[in-house]
Each structure stands twice: as structure tokens, then as C-alpha cells.
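The values are calculated or read from the model by the stated rules, or taken from the named source; none is laboratory data. All figures in this text were calculated on a predicted structure; none of them were measured in a lab. FYI the Cβ positions are ideal-geometry reconstructions off the backbone, even for glycines, and counts take in every protein chain you see. Note: areas computed on protein heavy atoms with side chains; ligands, DNA, RNA excluded. Shrake-Rupley method; radii C 1.70, N 1.55, O 1.52, S 1.80 Å.
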Amino acid sequence: MQAVIMAGGFGTRLRPLTTSLPKPMIPMAVKPLMEHTVALLKDHGFNDLITLLYFQPDTIERYFGDGSEFGVKMVYATATEDYGTAGAVKNAAAFLNETFLVISGDILTDFDLSQAVKIHKDRGALATIVLTRVENPLQYGVVITDPDGRITHFLEKPTWGEVISDTVNTGIYILEPEALELIPVGQEFDFSRDLFPRLMEKGRALYGYVATGYWKDVGDLIEYRLAHRDILAGMVKVALPGTLVEGLDKPIWLGEGSHVDFTASLRGGVLIGRYTQVGPNVHITRSIIGDNCVIEEGAVIVGSVLWNNVFVGARAVLKENVVGRGSEIKANARLFEGALISEQCKVGEGSVVKADVKVWPHKVVEDGAVLATSLIWGQKWSRSLFGAYGVTGLANLEISPEFAAKLGACFGATLRMGSIVRTSRDGHQASHMVKRAIISGLLSTGVNVRDFRVAPIPVVRYQMGARGVVGGVHVRKSPFDPELIDIIFFDERGMDISTSREKNIERLFFREDFRRAKVDEIGRIAPPPYGMDFYQDGVLSFIDRDALRRRGFRIVIDYAYGSASIIFPQILGMLGCEVIALNGCMDDSRITKSAEEFRRSLQQLSEIVKSLRADLGIMLDAGAEKIFIVDDTGNLLSDDLALAVVALLVMRTHEPGVIGIPITASSVIEELARDLGFGILRTKTAPRALMEAAHQESVIFVGDGLGGFIFPKFQPVFDGMLATLKLLEMFAVQDLLLHQFISSIPQRFKCREQVPCSWERKGGTMRALIAATADEQVELVDGVKVHLGGDWVILYPDHDRPYFHIIAEANTLARAEANLARYRDILAHCMKTSAEETTS
């Protein structure tokens with residue numbers, strides 16, 4: 001039989017255990033969690049397994065291989081985007097040709113799956129949801145069935161006032177291939193939110209089967225520890241490694257090659273992995289110890305889970321803890337209840353880690369230290385506080401008020417006493433909370449604050465140095481993930497702070513070494529004396545207002561519920577533009593858009609521009625830094641085409657100068673520049689690198705190829721409102737419409753691909769890539785760009801995720817695809833070489 005294993009989740013609530021490991025691969029009783037799922041499927045006759053991957057897919061694929069070692073056949077489907085649960089299964093439709101089961105790779109269960117399939121077939125169901133009964137159903141989809149098992153009500157994650165049953169969706173489904181026909185291709189589509197309600201609506205055969213047995217969604221760190229407790233208590237039937245030691249009151253499993261000193265005490269159920277050494281007078285109770293661990297004399301371990309290769313020093317005490325792979329707990333250290341130590345950490349001799357504190361990967365707690373707050377490194381997969389968008393983390397969990405106040409104090413400590421810093425935020429209440437905490441930290445170091453409250457990012461960045469301001473902080477809800485908060489720091493020029501400034505802040509943060517102002521020197525908070533009018537006056541004096549008024553544009557603006565709606569309408573109103581505004585009020589629930597919501601918004605903008613015969617359509621991002629362009633015929637411009645069009649407009653309306661673009665931008669722009677006497681400056685892809693380019697004297701325009709445009713004479717930062725006005729101004733001067741410009745852009749073809757690459761292999765892979773392309777014409781601005789006559793290919797590592805990007809451009813699509821395939825193979829060889837070097 002066929003089964004689909006959903007193994008693409010990030011495991012956000014299990015961080016920091018899942019920062020460098022996909023959730024299905026976290027150890028559960030020494031084995032990866034997903035291995036228990038594979039064993040269950042095999043026991044019930046599912047020997048043809050399709051595994052759906054997304055986050056760090058190579059880790060899972062490398063461990064399970066073709067499945068033969070586990071008695072099954074395994075193939076993999078890796079998604080490049082998050083299409084939701086049902087959309088991900090649709091992505092694997094080519095493998096599915098019979099009744100199949102869908103199961104998550106990160107649950108622990110011993111359900112009778114054979115019985116579930118039998119009942120599904122006996123009922124002639126199109127889809128069956130495997131159900132169970134729980135005490136607290138709030139976190140699950142609640143289901144009611146009629147006496148025949150047909151589902152009559154389905155409610156996803158209710159409140160207590162909405163709870164209609166304690167019978168919940170386990171995330172295990174049995175489906176006929178015909179059900180896939182109701183799932184759209186390439187769109188975000190969820191089983192619970194979309195497919196099952198649609199089946200009920202259409203009266204299709206959707207049934208529920210209430211299974212008996214054990215089931216746990218290992219969703220957070222508490223559930224992770226409890227699942228291990230249940231395993232030791234025999235509440236779930238799973239195959240445990242090692243030999244069961246007979247004659248004891250509670251079961252003890254001992255792995256191959258392990259040694260336990262005869263004076264050690266093991267009580268209440270203990271599992272010890274392979275080649276682990278337990279020293280004299282050690283006391284271990286209700287705990288699981290991984291492979292290759294060393295527990296020295298007199299250590300006490302109670303209710304804890306130790307991963308592989310953990311060292312516990314003499315007389316150390318661990319109570320209800322999780323300790324990650326390769327970590328060291330030195331002699332006489334004490335870990336209190338709920339403390340978590342991630343992988344490759346060192347907890348020094350005699351140190352104390354207080355209850356519920358989390359120490360994130362690769363951190364050191366010094367000898368004798370007392371750690372009372374979590375030692376976090378913020379951004380997932382990064383090894384520092386800062387990522388591509390400043391400091392990013394889960395709102396009110398990682399980016400808590402305490403964290404934000406400390407971060408604000410660290411930023412303040414890098415500035416002189418009495419300095420002035422601007423602060424601002426978007427309209428979300430989480431941003432409000434975090435910004436206030438940051439302000440408290442700044443004031444505590446003697447720094448004064450000018451608070452803009454809710455404001456577009458370009459307004460806050462504008463002419464900082466001219467007003468005596470030395471820096472700024474903007475807090476926003478992430479535009480990409482509704483659970484995350486971004487904290488963006490600006491320097492005195494309004495640009496993102498430099499990498500060296502980021503490192504200074506990090507160093508202070510982790511050392512907790514920052515000044516405190518005396519009571520009379522604490523900073524003051526006040527509104528800015530000039531407000532948003534200062535920016536508005538600057539914009540109006542920078543553009544050719546008369547040209548815009550004479551032209552009298554009709555434009556459609558989608559404000560995306562962002563803060564531009566509080567200032568941009570007034571500016572446009574002064575320029576004689578007829579504006580049709582969409583989503584022109586702030587709504588904090590709609591700041592973040594999924595990929596599908598973003599696509600629908602652009603489609604709506606396109607249709608409105610076309611139906612109203614408008615001259616232009618613009619969608620601003622929520623922070624008003626970027627724009628997405630629809631021409632006067634209703635066609636959405638791709639990012640590459642938008643950059644080429646705006647660059648050509650600049651060249652036709654400005655004196656010759658230099659245009660800055662990232663190394664990944666199309667070579668079409670060089671072609672255009674050569675003909676018109678302009679120079680091109682290629683930069684790294686990071687926003688800070690593009691801003692630095694904009695600050696160079698000869699540069700008159702910069703574009704990032706992602707909707708961001710900079711006109712340096714106004715300010716050297718991305719500004720979507722100014723970019724919109726400059727676009728209109730240049731059209732007015734040229735007396736043309738946008739679609740007339742598009743025909744002037746030479747056609748080129750681009751192919752893109754992401755290739756998974758673990759963090760530890762990125763450096764070695766880059767080294768191997770440079771060696772492999774040594775005989776070719778290459779640029780090393782960012783990654784490796786190989787010039788192939790008029791074509792090119794670039795391979796570069798992602799700054800914040802474990803991936804390599806490959807982009808190929810050529811005069812024909814076939815050639816671009818061929819070049820991409822060729823260099824994908826070269827990259828794969830380089831990654832293999834890097835891996836072999838690491839293991840040798």
C-alpha cells in the first residue's frame with residue numbers, strides 16, 4: 001500500500017531543538033521521530049512511501065535513503081514553496097495511483113492503520129479522517145460524525161465557547177486518488193481549511209474513524225518531554241533500541257557496547273543508547289540517554305532526555321531537562337526544571353541554569369555563571385542575532401519585552417550618552433509592545449528618543465543626520481510570516497546599520513556588558529519636532545510637480561493596509577492625480593500576506609487597472625519600501641522587467657551616471673546602459689550593499705530586482721512612495737505610457753532553482769565551486785557568477801536559510817535551462833566533495 005509522509009515542517013514551537021534539524025528528525029527514544037512513523041507504516045503493510053520535504057530536505061533524504069534499510073521503498077518530493085498540507089500532497093500526485101494514507105512525520109502514535117483502511121474501503125469513502133479523543137481539543141480540528149461515521153461538522157481550532165466535541169483530527173487521512181482532482185495545482189491549499197469543507201459542501205463521501213491507542217502531536221518542548229515519559233511508562237507501543245534488562249521493578253534498556261558501573265542507580269524506567277559510559281554512584285531516574293554519552297561519577301539525572309554525544313561531568317545535577325547533541329555539562333553544574341541546552345553548547349563547571357531557560361546552539365555558559373534568562377541567537381538557521389531583515393524572531397516568545405529591552409540597551413550602549421534615536425513601528429499591537437520595550441532599553445543607557453509611533457519606514461529614515469539623529473529602530477510584523485517580528489536598525493544616514501555595528505550589538509548582548517545611566521542621565525522620550533510634514537515637504541520639493549499636474553494621471557494604488565495610507569494620499573492629492581485607492585486603511589490583521597494572498601492582490605490590482613483604463617497600478621508593501629507595478633494594459637511586470645523599465649526611464653531622463661544593481665540582475669541593463677552612455681555598478685544582493693552603492697557620489701539610481709528602488713539624491717534607501725512619484729514624473733517628461741516602454745526592453749530568459757545545502761557544508765561547497773570554475777570567466781561579488789559569452793549562471797548561498805540559489809540567464813529558454821542543469825550538476829558534485837572532506 002502507498003502512504004505519504006508529511007515531513008516539511010519547520011518545527012517552530014520546538015525551537016531551539018529544530019534550528020538546524022527538521023522536526024521529523026529530532027530524537028525520540030534515541031531514534032529520529034519519523035523512524036517510528038516509518039516502522040508503524042511498515043507493520044501495517046505500507047511499503048511504498050512518498051515523503052514530502054521542504055525544510056532541510058537533504059537531512060531526511062540522507063538518513064532514510066531509498067528505504068531499503070527500513071524494509072520499505074521511499075521516494076521524495078521536495079517543494080520549493082509552501083503550498084499548504086493538501087497542496088503539498090498534490091505536488092506528489094504523479095506517485096499516487098491507489099488508495100493512500102497521509103500521515104505527519106512528527107507525531108507519535110501506535111494506531112491500527114490497517115483497520116482504518118479497511119473501514120475506509122468498506123464505507124466506500126472518498127476521504128477518511130482518522131480521529132481520536134483528547135481532554136483539551138482547542139489546538140485541533142474538532143469533528144462530529146453521524147452514527148454511520150459520516151462527518152457532519154468540522155471546526156478548526158475552536159475556542160472553548162465553540163467546542164462541539166472532544167473528538168479531534170489527528171492529521172492522518174486515507175484518500176482515494178480522485179480526491180486530488182479537487183486540489184488546485186501550485187496554490188496554497190489545506191486539508192482542514194479547504195479540502196474537507198469543500199467535500200462536505202459538495203456532499204462527497206467524507207468519513208471519520210475514531211481510532212484507539214496512543215497519539216501525541218509532539219508540538220512543543222513540554223510535549224516532547226512528556227512523549228518520552230509515556231514511552232518509558234509503556235503507554236505507547238514502539239520498538240526501543242537495546243536489550244531489556246530482566247529482573248528489575250521498572251524496565252531498563254541498555255544499548256550495545258554501553259557500560260554502567262555496578263554502583264550506579266537506575267530507577268523508574270531508563271533507556272541508554274549504544275557505547276555510553278555511566279560512572280560510579282550515578283543516579284538516573286525516568287530518563288533517556290543517547291548514544292556515545294559519558295556520565296561521570298556522582299551525576300544525578302532525573303526526568304531528562306540527553307541526545308547523542310553528551311558529556312555530563314562529575315556531580316552535575318539535571319532535573320527535567322533536554323540536552324542537545326554534542327553538548328557538555330561540566331562538573332558540579334546544575335540545570336533546574338525545564339531548562340533546555342541546545343546542540344554543541346558548553347555549560348561551565350559549577351554554573352547554574354535556572355528553570356525554563358533555553359540555551360541556543362553553540363553557546364557557552366562560563367564557569368560559575370548563573371544564567372537566569374534564555375541565551376538566544378534569534379533568527380532561525382542563523383548563527384547570530386542579525387539576519388537579512390535585522391533581528392527576527394517569534395513575537396512574544398523569542399522577541400519578548402525582556403529581550404527587546406535588552407536589545408535596545410545594547411544598541412544604546414554603542415552610542416554616546418545624550419544621542420538622539422528615532423523609533424517607529426507598523427500598526428500591529430505586537431510591534432507596539434516590542435517598540436516600547438526597545439525604547440525603555442535605549443532610555444536606560446542615557447539615549448534620547450524621538451518616537452514617530454506608526455510611520456512608513458522611508459519617513460523614519462529620511463535625513464536623519466541633518467536633524468542631529470544618529471540612528472533609528474523600526475519594529476514591524478514580518479511581511480513573510482505572521483508569527484515573526486522584525487527589528488530593523490538604521491544608522492545616521494538612514495541606512496541599515498553595517499555588519500560591524502551588528503557585531504558590536506551582539507557582543508554586548510551576549511556578554512550583558514552595557515552601561516546603565518545614572519538616575520539624572522536617563523534619556524528622554526518625545527515626539528519628533530517636525531513629524532511627517534518634513535518628509536512630505538522634502539518629496540514635493542524633489543519631484544517635478546508641474547509635470548505631474550499637467551499630465552493628470554489616473555492611477556490605482558494598493559496600500560496593502562500599511563502605514564503609507566496615513567501620508568501618501570495627501571501627497572498625491574497635491575499633484576493633481578486621480579487616485580483609486582485600494583486597502584487604504586491600516587489593518588494589523590492583514591499586514592502579512594501568504595504567497596497566495598499576495599498573488600490574489602496583484603491579480604485584483606491588474607483587473608481594476610484594466611477595467612478603469614488607468615495609466616498605472618502600484619501596490620506598495622506594508623512598510624512602503626517596495627512597489628509592484630501593473631502597466632496601463634493591466635499586465636503585471638515581473639521583478640526583472642520592472643527593474644529594466646525603471647532603469648531605462650532613468651537613463652532617458654537623467655544626465656549620464658552610474659546605475660547600481662545586484663549581481664543577480666539581468667544583463668539587459670548593461671545593454672541599455674552601453675547604448676545611452678551610463679555605467680553599471682554590480683553589488684552583493686543584501687539590502688545594505690545596495691544602500692552603500694547608492695551612497696557613492698556618481699550613482700544616480702539603484703534597484704534591487706525585487707521591487708525596491710533608490711534615488712540617492714533624495715535619500716540612499718528604498719522608498720516606495722518616492723519611486724512611485726519618480727515613475728510618474730519620468731512618464732510625464734517622456735509623454736509615454738508604460739506599455740510603450742516595455743517593447744524597448746530586449747528579451748532575455750531566466751531560470752531559477754534552490755538546492756538544499758546544510759549550513760556546515762556551505763563554506764566547503766563555495767570553496768569547491770571556485771576551484772571547479774577556475775578555468776572559466778567568473779565574478780565573485782556574491783557567490784560565483786560564471787559568464788558564458790552573452791549568457792551567465794550564478795550560484796550563491798542564501799544568507800538566512802540552508803540553500804544555494806542557482807540563476808541562469810540566456811537569449812533562449814532552452815539554453816538557460818541547459819546551463820542551469822549543467823551547473824546544478826556541478827554544484828551537486830561540489831557539495832558531495834565538501835561532505836566527503838568533512839567526514840574524512
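For the stretch 787-818, which positions are crowded, with 21+ Cβ neighbours inside 10 Å, without any contact (Cβ under 8 Å) to a residue 40 or more places away in the chain and in contact with an Asp or Glu (Cβ under 7 Å, 6 or more places away or on another chain)? Of everything in the stretch 787-818, nothing turns out to be crowded, with 21+ Cβ neighbours inside 10 Å, without any contact (Cβ under 8 Å) to a residue 40 or more places away in the chain and in contact with an Asp or Glu (Cβ under 7 Å, 6 or more places away or on another chain). Among the residues making up the stretch 261-291, those that are more than 21 Å from Arg229 (Cβ to Cβ) and either within 40 Å of the chain's Cα centre (by Cα) or of a type outside the set (Gly, Ala, Ser) (or both) are Asp261, Phe262, Thr263, Arg274, Tyr275, Gln277, Pro280, Asn281. In this structure, is Ser541 open to solvent by 10 Å² or more (accessible area, probe 1.4 Å) and either touching a Ser or Thr at 6+ places or on another chain (Cβ under 9 Å) or within 26 Å of Glu729 (Cβ to Cβ) (or both)? For Ser541, the condition - open to solvent by 10 Å² or more (accessible area, probe 1.4 Å) and either touching a Ser or Thr at 6+ places or on another chain (Cβ under 9 Å) or within 26 Å of Glu729 (Cβ to Cβ) (or both) - is met. In this structure, Gly350 does not satisfy being at pLDDT below 95, assigned to a strand (DSSP E or B) and not polar (S, T, N, Q).
Tell me yes or no: at least one residue of the stretch 788-800 is touching a Cys at 6+ places or on another chain (Cβ under 8 Å), within 21 Å of Thr80 (Cα to Cα) and in a strand (DSSP E or B). Yes, the stretch 788-800 contains a residue that is touching a Cys at 6+ places or on another chain (Cβ under 8 Å), within 21 Å of Thr80 (Cα to Cα) and in a strand (DSSP E or B).
With the structure loaded, tell me whether Arg516 is surrounded by 12 or more Cβ atoms within 10 Å (Cβ to Cβ) and more than 26 Å from Ile710 (Cβ to Cβ) or whether it fails that test.
Criteria met by Arg516.
Counting the residues of the stretch 574-594 that are open to solvent by less than 60 Å² (accessible area, probe 1.4 Å) and either in contact with a Gly (Cβ under 6 Å, 6 or more places away or on another chain) or not in a strand (DSSP E or B) (or both) gives 11. Counting the residues of the stretch 395-410 that are over 24 Å from Val364 (Cβ atoms) and surrounded by fewer than 18 Cβ atoms within 10 Å (Cβ to Cβ) gives 2. Within the stretch 599-635, the residues that satisfy the criterion of being farther than 18 Å from Arg551 by Cα, among the aliphatic types (A, V, I, L, M) and outside any helix (DSSP H, G or I) are Met619, Leu620, Ala622, Ala624, Ile627, Ile629, Val630.
Filter the stretch 114-153 down to residues that are charged (D, E, K, R) and within 21 Å of Thr99 (Cβ to Cβ), then give me how many there are.
Counting residues in the stretch 114-153 that are charged (D, E, K, R) and within 21 Å of Thr99 (Cβ to Cβ) gives 6.
Taking the stretch 50-101 as the range and being among the hydroxyl-bearing types (Ser, Thr, Tyr) and either more than 20 Å from Met1 (Cβ to Cβ) or touching a residue at least 60 places away in the same chain (Cβ under 8 Å) (or both) as the test, the residues that pass are Tyr54, Thr59, Tyr63, Thr78, Thr80, Tyr83, Thr85, Thr99. Of the candidates Lys713, Lys762, the single residue that is surrounded by fewer than 21 Cβ atoms within 10 Å (Cβ to Cβ), charged (D, E, K, R) and closer than 26 Å to Thr78 by Cα is Lys762. It is to be established whether one or more residues within the stretch 606-624 are within 21 Å of Phe714 (Cα to Cα), of a type outside the set (A, V, I, L, M, F, W, C) and surrounded by 20 or more Cβ atoms within 10 Å (Cβ to Cβ). Yes: one or more hits.
Across the stretch 563-571, not a single residue is classified as small (Gly, Ala, Ser) and open to solvent by 40 Å² or more (accessible area, probe 1.4 Å).
You will find that of Thr19, Thr59, the residue that is at pLDDT below 90 and either assigned to a helix (DSSP H, G or I) or surrounded by fewer than 22 Cβ atoms within 10 Å (Cβ to Cβ) (or both) is Thr59 and no other.
Residues in the stretch 101-141 that are charged (D, E, K, R) and more than 17 Å from Leu49 (Cβ to Cβ): Asp110, Asp112, Lys118, Lys121, Asp122, Arg123, Arg133, Glu135. Suppose the filter is surrounded by fewer than 19 Cβ atoms within 10 Å (Cβ to Cβ), modelled with pLDDT of 90 or more and within 23 Å of Lys237 (Cβ to Cβ); does Asp110 pass it? When the stated conditions are applied, Asp110 passes them. The set of residues from the stretch 322-343 being under 22 Å from Asp220 (Cβ atoms) and open to solvent by 50 Å² or more (accessible area, probe 1.4 Å) comprises Arg325, Phe336, Glu337. Scan the stretch 740-758 for residues that are surrounded by 14 or more Cβ atoms within 10 Å (Cβ to Cβ) and in a helix (DSSP H, G or I) and report the count. Count: 2. Checked across the stretch 41-54, the condition of being closer than 28 Å to Arg193 by Cβ, modelled with pLDDT under 90 and assigned to a loop (DSSP other than H, G, I, E, B) holds for at least one residue.
Within the stretch 22-49, restricting attention to residues that are without any contact (Cβ under 8 Å) to a residue 60 or more places away in the chain, more than 23 Å from the chain's Cα centre (by Cα) and crowded, with 24+ Cβ neighbours inside 10 Å, the residue that is nearest to Asp291 (Cα to Cα) is Val38. Sub-6 Å Cβ pairs linking a first residue in the stretch 234-263 that is farther than 21 Å from Pro32 by Cβ to a second residue that is at pLDDT 90 or above and in a loop (DSSP other than H, G, I, E, B), at least 6 apart or interchain, are Asp261/Gly279; Asp261/Pro280; Thr263/Pro280; Thr263/Asn281, ordered by first then second residue. Looking at Ser601, Ser563, which is the one that is under 17 Å from Pro458 (Cα atoms) and in contact (Cβ under 8 Å) with a residue 12 or more places away in the chain? Exactly one residue qualifies, and that residue is Ser563.
Scanning the stretch 685-716 for residues that are in contact with a helix residue (DSSP H, G or I) (Cβ under 8 Å, 6 or more places away or on another chain), part of a loop (DSSP other than H, G, I, E, B), of a type outside the set (A, V, I, L, M) and under 20 Å from Asp798 (Cβ atoms) yields Asp704, Gly705, Gly707. Scanning for something at pLDDT below 90 and either of a type in the set (Ser, Thr, Tyr) or open to solvent by 10 Å² or more (accessible area, probe 1.4 Å) (or both), does the stretch 440-454 turn up at least one residue? The answer is no, given that none of the residues of the stretch 440-454 is at pLDDT below 90 and either of a type in the set (Ser, Thr, Tyr) or open to solvent by 10 Å² or more (accessible area, probe 1.4 Å) (or both). Return a yes/no flag: does the stretch 102-124 have any residue that is touching a helix residue (DSSP H, G or I) at 6+ places or on another chain (Cβ under 9 Å) and farther than 29 Å from Met28 by Cα. Taking every residue of the stretch 102-124 in turn, none turns out to be touching a helix residue (DSSP H, G or I) at 6+ places or on another chain (Cβ under 9 Å) and farther than 29 Å from Met28 by Cα. Pull out all pairs, ordered by first then second residue, where Cβ-Cβ is under 6 Å, the residues are six or more apart or on different chains, the first lies in the stretch 292-317 and is within 18 Å of Asn332 (Cβ to Cβ), and the second is open to solvent by 40 Å² or more (accessible area, probe 1.4 Å) and among the acidic types (Asp, Glu). Note: pairs meeting the criteria are Phe311/Glu328; Gly313/Glu296; Ala314/Glu296; Ala314/Glu297. Screening the stretch 102-122 for residues that are acidic (Asp, Glu) and in contact (Cβ under 8 Å) with a residue 12 or more places away in the chain and picking the one that is nearest to Asp230 (Cα to Cα) gives Asp110. Failed condition for Thr685, given (1) surrounded by 21 or more Cβ atoms within 10 Å (Cβ to Cβ); (2) farther than 30 Å from Asp587 by Cβ; (3) at pLDDT 95 or above, with all others met? Going through (1) surrounded by 21 or more Cβ atoms within 10 Å (Cβ to Cβ); (2) farther than 30 Å from Asp587 by Cβ; (3) at pLDDT 95 or above one by one, Thr685 breaks only (3).
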